[in-house]
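See below for the structure under consideration.
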Ligand SMILES: NC(=O)c1ccc[n+]([C@@H]2O[C@H](COP(=O)([O-])OP(=O)(O)OC[C@H]3O[C@@H](n4cnc5c(N)ncnc54)[C@H](OP(=O)(O)O)[C@@H]3O)[C@@H](O)[C@H]2O)c1
């Protein structure tokens with residue numbers, strides 16, 4: 001049987017949750033280059049519309065922009081369900097990142113991290129994978145982080161939400177593969193995005209990758225899951241942290257990298 005193309009397997013539309021700039025926009029662009037139409041969702045209307053217009057113009061695909069806040073999952077579900085399009089691929093990129101000592105975090109910041117990083121990817125995976133299972137084809141990509149491989153001081157809540165995405169995607173990868181739905185988690189190291197530049201005041205961490213590299217390596221890995229770790233430095237780092245060192249040692253290493261964040 002001839003190999004299915006990316007568009008045959010995951011089209012005709014992909015939803016990128018958090019697709020207006022940075023890594024999310026790189027995902028949207030990589031998907032459009034593979035011939036799919038897009039739904040991109042984010043809060044800032046101007047950035048969203050500029051990205052939608054640029055991608056539609058450059059790749060000749062339809063790009064639907066939804067201005068919405070992922071903390072309001074009821075509204076997000078309503079807006080997505082009202083679309084009269086078939087979504088064969090979900091890329092969940094958006095994140096809420098409370099940085100700094102847990103003692104200083106507000107309850108609202110912690111709740112936002114859970115809403116954007118845990119509840120919304122879970123609910124959207126459920127919403128969109130159900131028709132994918134019925135059709136016997138589709139894909140789901142969840143974004144995780146090397147920070148989620150162990151406790152990460154000063155990023156403890158964010159790291160824990162990313163661990164949720166890793167474990168969820170690994171389980172669904174095995175469960176949904178026989179139903180024709182490919183699930184993949186991207187366990188990324190540092191990525192040069194506006195969010196990263198804002199958080200990181202000093203030099204970029206070793207192995208920091210451009211957003212386009214992370215998006216391309218991830219999209220190319222879809223169907224070969226459960227996990228993709230973009231970049232050789234990050235692959236080695238992950239191997240050391242998860243296979244060679246004790247939990248105590250890996251948390252200590254994370255503390256050296258994240259301990260100064262405020
Ligand atoms: N950057 C890194 O170094 C790094 C490292 C490892 C893993 N990751 C993961 O990679 C993903 C992208 O990271 P990034 O932080 O660099 O972001 P990004 O992809 O550069 O941008 C985040 C996107 O999400 C949207 N967004 C954020 N909060 C939202 C909300 N409440 N509702 C709707 N849209 C929202 C943003 O648009 P609006 O602000 O307009 O809403 C934007 O489109 C995240 O899942 C992150 O955990 C990043």
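As a ratio to 2.2 N^0.38 Å, the alpha-carbon radius of gyration for the range 9-258 is 0.97. Which FRET efficiency, nearest 0.05, do residue 245 and residue 199 yield, Cβ-Cβ r, R0 35 Å? Here the calculated transfer efficiency is 0.90. In terms of other Cβ atoms within 10 Å, 134, 69, 93 run from fewest to most in the order 134, 69, 93. Any idea what angle helix 247-258 forms with the longest principal axis of the chain, computed on alpha-carbon atoms, 0 to 90 degrees, nearest 10? Computed tilt is about 80 degrees.
Axis of helix 45-59 versus longest Cα principal axis of the chain: the two differ by about 60°, to the nearest ten degrees.
If R0 is taken as 25 Å, the Cβ-Cβ distance between residue 212 and residue 67 corresponds to a FRET efficiency of 0.55. Mean residue ellipticity, 222 nm, helices only, the chain: the sum of -39500 (n - 2.57) across DSSP H runs of n ≥ 4, divided by residue count and rounded to 500, is -14500 deg cm²/dmol.
Would you mind computing the Rg to Rh ratio of the range 6-103 from its alpha-carbon coordinates, Kirkwood style for Rh?
1.01
The smallest convex shape that holds all Cα atoms of the range 149-262, its convex hull, gives 108 Å³ per residue. Considering only 208, 187, 106, the Gaussian network model of the chain with Cα springs below 10 Å gives its largest mean-square fluctuation to 106. Placing pseudo-labels 7 Å out from each Cα toward the beta carbon at residue 106 and residue 235 gives an inter-label distance of 4.3 nm. Once the Cα atoms are used to define both axes, helix 156-176 deviates from the longest principal axis of the chain by about 40 degrees. For the range 9-258, the relative contact order works out to 18 percent when only alpha carbon pairs closer than 8 Å and six or more residues apart are counted.
Quick note: the coordinates plus some simple rules give every number you see, no bench work behind them. Everything quoted here is computed from the prediction, not taken from an experiment. Neighbour counts are summed over all protein chains in view; Cβ atoms, including those assigned to glycine, are modelled from backbone coordinates with ideal geometry.
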